[in-house]
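Asks: Just passing along the structure, written as structure tokens.
The values are calculated or read from the model by the stated rules, or taken from the named source; none is laboratory data. None of the values given here were measured: they were computed from a predicted structure. Virtual Cβ from ideal backbone geometry, glycine too; neighbours counted across all protein chains shown. These accessible areas exclude ligands, DNA and RNA; they are computed on the full protein's heavy atoms, side chains included. Shrake-Rupley method; radii C 1.70, N 1.55, O 1.52, S 1.80 Å.
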Amino acid sequence: MKARPVLRAVSGGVARRKVQTVVVFTVLMVSTASAALGLGLLVDSNGPFQHSFAAQRGADVAASVDATRATDGQLAATRRLPQVTAAAGPFDEVTITPRINAQGGITLPPVTVVGRVSPGGGVDDLTLDAGRWVQRPGEIVVSRDSPDVGGPTAQLIGTLITVTSAPGRPTLTVVGVAKSITDTADGWVTPAQAAALRAPHTPPAAQMLYRFHSAATQSQVTADVTALTRALPAGAVAGTTSWLTVKSQETRTISIIVPFVVAFGVIGLAMSVVIVTNVVNGAVVSGYRRIGVLKSIGFTPAQVVAAYVAQVGFPALAGALVGVVLGNVLSVPLLSQTATVYGVGRLLVPASVDIGVPLLMCALVGLAALLPALRAGRLSAVAAIATGRAPRAGRGYAAHRLLAWLPLPRPVTIGLADPFARLGRTAVTVAAVMFGATSVVFAVGLDSSLNKASNGQSHAASEQVQVAAVMHVGTGPQGKTGKVSQPTPGPSQGQPVVAALQALHGTLHFTAEDFPMVSLSGLTAQVPTEAFRGDAAWTGYDMISGRWYRAPGEVVVNTAFLTQTGKSVGDRVTITFGGRQTTARIVGEAFDPQGRGQPAMITSWQTLGGTGSGLTVQQYDVGLRPGTDPVAYSEALNHALFPGWFASANSADPFYATLTALIGTLTLLIAIAAGLGVLNTVVLGTRDRVYDLGVFKAVGMTPRQTMAMVVCWVVGAGLAAGVIAVPVSTILHAHVARAMASAGGTALPASYINVFTAAELVLLALAGLVIAVAGALLPAGWAARAATVSALRAE
């Protein structure tokens, strides 16, 4: 087969059919970008922790060692244990009580600080998010995951911290913010500084970090720790932490993102196949006459096939390559935000995705082009020329006669009837628009569900401000704040806060709470509990089943509690707290995903025995009057409170902002691709009916009427696609939302699924019409501007 004639035919076809070339290029660019972004995120969501753990050489086990029982030589000898592949340390380890010298002074919980010369090493290679590493005594690098000290990481640089537990109460300056993939410490200082921070009469401690040959399961980690403990003197190992603990938390969070990424990926891939097939098939069908001419001048069937496959293959390849670049560019802010939220380091689209996606898209285009090209290649020159472009006479005639009876302008009825002349092309158009409309309706529903889940998790819409004691911090089960505490109990506990809340004009209602750990029959581990003093029905917990507690002896639990205990709403549980046993009835299941699959319970102050059982006020939740600014209210409240209490505005988890950004980006890409599919269909239609358009113009059809007629070609398809998309997308939304919730260890309230009203569904059904009309406007304008003589000569 001679290549030069084929290349000349290809170049001529690409140059002559500019619209087709642009559509193929753009659809492949958008489809490839969408697929690269979606698949890249999907691959990254399956293993970002493992990726960062390997890149940062995370510690399989961090061991805290009593330095009075084990010498440096004995610790160094553990490096030669057969199970150990790498080790770092010993590093001086000290527990300090820091106080932030800002906002009137905030005392944070005791934290672990380690003395290290540098952030790098064979084990636990720290990443610096901001600032620099410590260079001299008086400096500290804080962990990104340490308790909140008042703002974004970049704003922490320069913060002064007084170590109230150390001799002389030294002051440290924050010079950097770092991340340990397995959270080996809350802060790092120079080795000399670590020794100086040790509290009087406190024995020295050291930290050792290990990587083992086998540490993939808990049993393997336990065996490694046992071997380590036996290699050191008795009692030398004070405690260990495993990388599996951090991994389990991160995996649960990341897995939430997988269901909707898979859904968008399937929608985008299916729609791309439909659009590309339609583009190529239309190009070959509309080129039958040219195929006949090529055959008449000596082209073989193989050359015809090669010419038409290459005619769409070249712009498709260019579009796929540009699409990969675009997908990677779009992934930068999304994956960076995802990495920040999950705390797993830097994420990039994997090279396998960058290579595999373009190959897959080009293979689809080649296959779509090959089938109609083979059919054209088998035609004789005479048959190909005789086939022509326009539909066979009489096809769609009945639709024209029926629609002519409607009280509509004739150009409109002609346009509405035209799709019946090419039922195959119309079906493909409906499919393409349906996929685009489905993605839009699905995205709207999922965004609404995520907004409800965000408010239900953070309670930011109901309890806009939280006031926490900070004398001795202990995080509550819902993780609402990093500054909850337990001040000294007494009859007047919290009275200054109550007085300040009552004095501020913006206060609507407030309630006090404690975060005790209670024991329950049937569970070996204690259950974090939220005990409210006073009315708390307004705090914003959404119920999955049952109701909110109303009286002492009633409790509300989360999904994980019911799953792990085998209980149901209505059953009774035995609670042990403060030396007394209480039998309580489960009256409701609340949406509470923040325990990451761990049981949690909510009840009243009286159910647990009140102050007499040891309950103390750790936090006040405050609801504000409409129009009150939470930030300004918090600042005013902080000026009124004495040191030891701190007010802050409640805010939603940034995790939901990440999901919303991903949904918006993927929906936009898919909608653009659907619109381009419609544009291609209308362009093919105007080429097929160019002579008819000339006749219509010759008998008096105005440009405006021509434009209306061409737009009406796709109105029926758009309406049909929207009607089909509504039930499909609502079913898809329900399944994906439940799958995401299941990955987070919770069920969902019915209101999180049933997010659409009947009126909203009717409006959303018009999404297909909007996409179809938007895609048809440009070629409709071209048809309206076409000269009558040129149109009549085109046939």
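Asks: On the basis of being assigned to a helix (DSSP H, G or I) and either closer than 20 Å to VAL266 by Cα or open to solvent by less than 10 Å² (accessible area, probe 1.4 Å) (or both), does LEU732 make the cut?
Replies: yes
Asks: Scan ALA77, ALA88 and give me the residue that is at pLDDT 90 or above, among the aliphatic types (A, V, I, L, M), assigned to a helix (DSSP H, G or I) and on the phi < 0 side of the Ramachandran plot.
Replies: On inspection, the qualifying residue turns out to be ALA77.
Asks: May I pose another question? Mind checking which residues of the range 157-193 are more than 25 Å from PRO203 (Cβ to Cβ) and of a type in the set (A, V, I, L, M, F, W, C)?
Replies: Matches in the range 157-193: ILE157, LEU160, VAL174, VAL175, VAL177, ALA178, ILE181.
Asks: Separate question: Checking ALA647 against (1) under 30 Å from HIS505 (Cα atoms); (2) touching a Ser or Thr at 6+ places or on another chain (Cβ under 7 Å); (3) part of a strand (DSSP E or B); (4) open to solvent by 20 Å² or more (accessible area, probe 1.4 Å): exactly one of these is not met. Which one?
Replies: Going through the list (1) under 30 Å from HIS505 (Cα atoms); (2) touching a Ser or Thr at 6+ places or on another chain (Cβ under 7 Å); (3) part of a strand (DSSP E or B); (4) open to solvent by 20 Å² or more (accessible area, probe 1.4 Å), ALA647 breaks only (4).
Asks: Are there any pairs with C-beta distances below 6 angstrom linking a residue in the range 598-609 that is in contact (Cβ under 8 Å) with a residue 40 or more places away in the chain to a residue that is basic (Lys, Arg) and surrounded by fewer than 21 Cβ atoms within 10 Å (Cβ to Cβ), with the two at least 6 apart or on different chains, and if so which?
Replies: TRP605/ARG533
Asks: Next up: Only one of these is at pLDDT 80 or above and within 26 Å of the chain's Cα centre (by Cα): ILE670, ILE602, ILE586. Name it.
Replies: Step by step, each of ILE670, ILE602, ILE586 is checked, and only ILE670 is at pLDDT 80 or above and within 26 Å of the chain's Cα centre (by Cα).
Asks: Here's a follow-up. Could you identify the single residue in ILE181, ILE267 that is at pLDDT 80 or above, in a helix (DSSP H, G or I), touching a Phe, Trp or Tyr at 6+ places or on another chain (Cβ under 6 Å) and under 30 Å from GLY38 (Cβ atoms)?
Replies: None of the others qualify; the one that does is ILE267.
Asks: Residues being of a type outside the set (S, T, N, Q) and open to solvent by 40 Å² or more (accessible area, probe 1.4 Å): count how many of those fall in the range 552-583.
Replies: Of the residues in the range 552-583, 9 are of a type outside the set (S, T, N, Q) and open to solvent by 40 Å² or more (accessible area, probe 1.4 Å).
Asks: Got a sec? Which of ALA747, ALA720 is touching a residue at least 40 places away in the same chain (Cβ under 8 Å), touching a strand residue (DSSP E or B) at 6+ places or on another chain (Cβ under 7 Å) and surrounded by fewer than 23 Cβ atoms within 10 Å (Cβ to Cβ)?
Replies: Of the residues listed, the single one that is touching a residue at least 40 places away in the same chain (Cβ under 8 Å), touching a strand residue (DSSP E or B) at 6+ places or on another chain (Cβ under 7 Å) and surrounded by fewer than 23 Cβ atoms within 10 Å (Cβ to Cβ) is ALA747.
Asks: Further, regarding this structure: Quick test of your reading of the structure: THR757 fulfils all but one of (1) of a type in the set (Val, Ile, Thr); (2) more than 25 Å from ILE672 (Cβ to Cβ); (3) open to solvent by less than 30 Å² (accessible area, probe 1.4 Å). Name the failing condition by number.
Replies: (3)
Asks: Right, something else. So is PRO727 free of Cβ contacts under 8 Å to residues at least 24 places away in the same chain and in a helix (DSSP H, G or I) or not?
Replies: Considered against the rule, which asks whether it is free of Cβ contacts under 8 Å to residues at least 24 places away in the same chain and in a helix (DSSP H, G or I), PRO727 comes out as yes.
Asks: Sticking with this structure for a sec: Return the residues of the range 516-539 that are open to solvent by 20 Å² or more (accessible area, probe 1.4 Å) and within 19 Å of GLY456 (Cα to Cα); say none if nothing qualifies.
Replies: PRO528, ASP535, ALA537, TRP538
Asks: Just for the range 625-642: of the residues that are assigned to a loop (DSSP other than H, G, I, E, B) and charged (D, E, K, R), which one is nearest to ALA537 (Cα to Cα)?
Replies: So in the range 625-642, the residues assigned to a loop (DSSP other than H, G, I, E, B) come out as 625-629, 641-642.
Going one step further and asking which of them are charged (D, E, K, R), we end up with 625, 629.
Working: ARG625: 17, ASP629: 22 Å.
This residue is ARG625.
Asks: Could you check, for the range 393-407, whether at least one of its residues is modelled with pLDDT of 80 or more and over 20 Å from VAL279 (Cβ atoms)?
Replies: Checked the range 393-407: at least one residue is modelled with pLDDT of 80 or more and over 20 Å from VAL279 (Cβ atoms).
Asks: Let me ask something else. State whether the residues of the range 675-688 include one that is at pLDDT below 85 and farther than 30 Å from ARG410 by Cα.
Replies: Looking for residues that are at pLDDT below 85 and farther than 30 Å from ARG410 by Cα, one finds none in the range 675-688, hence no.
Asks: Right, here's the next one. Looking only at the range 209-226, which residues are among the small types (Gly, Ala, Ser), farther than 18 Å from THR184 by Cα and surrounded by 15 or more Cβ atoms within 10 Å (Cβ to Cβ)?
Replies: The one that is among the small types (Gly, Ala, Ser), farther than 18 Å from THR184 by Cα and surrounded by 15 or more Cβ atoms within 10 Å (Cβ to Cβ): ALA223.
Asks: Output the number of residues of the range 429-446 satisfying the condition of being aromatic (Phe, Trp, Tyr) and closer than 12 Å to LEU764 by Cα.
Replies: 1
Asks: Give me the residue from the range 194-235 that is in a helix (DSSP H, G or I) and of a type in the set (S, T, N, Q) and, out of that set, farthest from the chain's Cα centre (by Cα). Write out each step before concluding.
Replies: In the first step, residues of the range 194-235 are kept if they are in a helix (DSSP H, G or I); the result is 194-196, 218-231.
Next, only the ones that are of a type in the set (S, T, N, Q) stay: 218-220, 222, 226, 229.
Working: GLN218: 29, SER219: 33, GLN220: 33, THR222: 34, THR226: 39, THR229: 41 Å.
It comes out as THR229.
Asks: Name every residue in the range 453-486 that is out of contact with any strand residue (DSSP E or B) (no Cβ under 8 Å at 6 or more places or on another chain) and either surrounded by 23 or more Cβ atoms within 10 Å (Cβ to Cβ) or modelled with pLDDT of 90 or more (or both), in order of residue number.
Replies: Matches in the range 453-486: ALA453, GLY456, GLN457.
Asks: Turning to a different aspect of this structure: Only one of these is open to solvent by less than 70 Å² (accessible area, probe 1.4 Å), touching a strand residue (DSSP E or B) at 6+ places or on another chain (Cβ under 9 Å) and modelled with pLDDT of 90 or more: VAL134, VAL111. Name it.
Replies: Every option except VAL134 fails the conditions.
Asks: Now for a separate question. Mind listing whichever residues of the range 583-635 are in contact with a Leu (Cβ under 9 Å, 6 or more places away or on another chain) and among the β-branched types (Val, Ile, Thr)?
Replies: ILE586, VAL622, THR628
Asks: Can ALA427 be described as at pLDDT 70 or above, open to solvent by 20 Å² or more (accessible area, probe 1.4 Å) and either of a type outside the set (Val, Ile, Thr) or in a helix (DSSP H, G or I) (or both)?
Replies: In short, yes.
Asks: With THR628, THR658, THR611 as the choices, which residue is within 30 Å of PHE577 (Cα to Cα) and of a type in the set (Val, Ile, Thr)?
Replies: On the way: THR628 fails: within 30 Å of PHE577 (Cα to Cα); THR658 fails: within 30 Å of PHE577 (Cα to Cα).
Checking each option against the conditions leaves just THR611.
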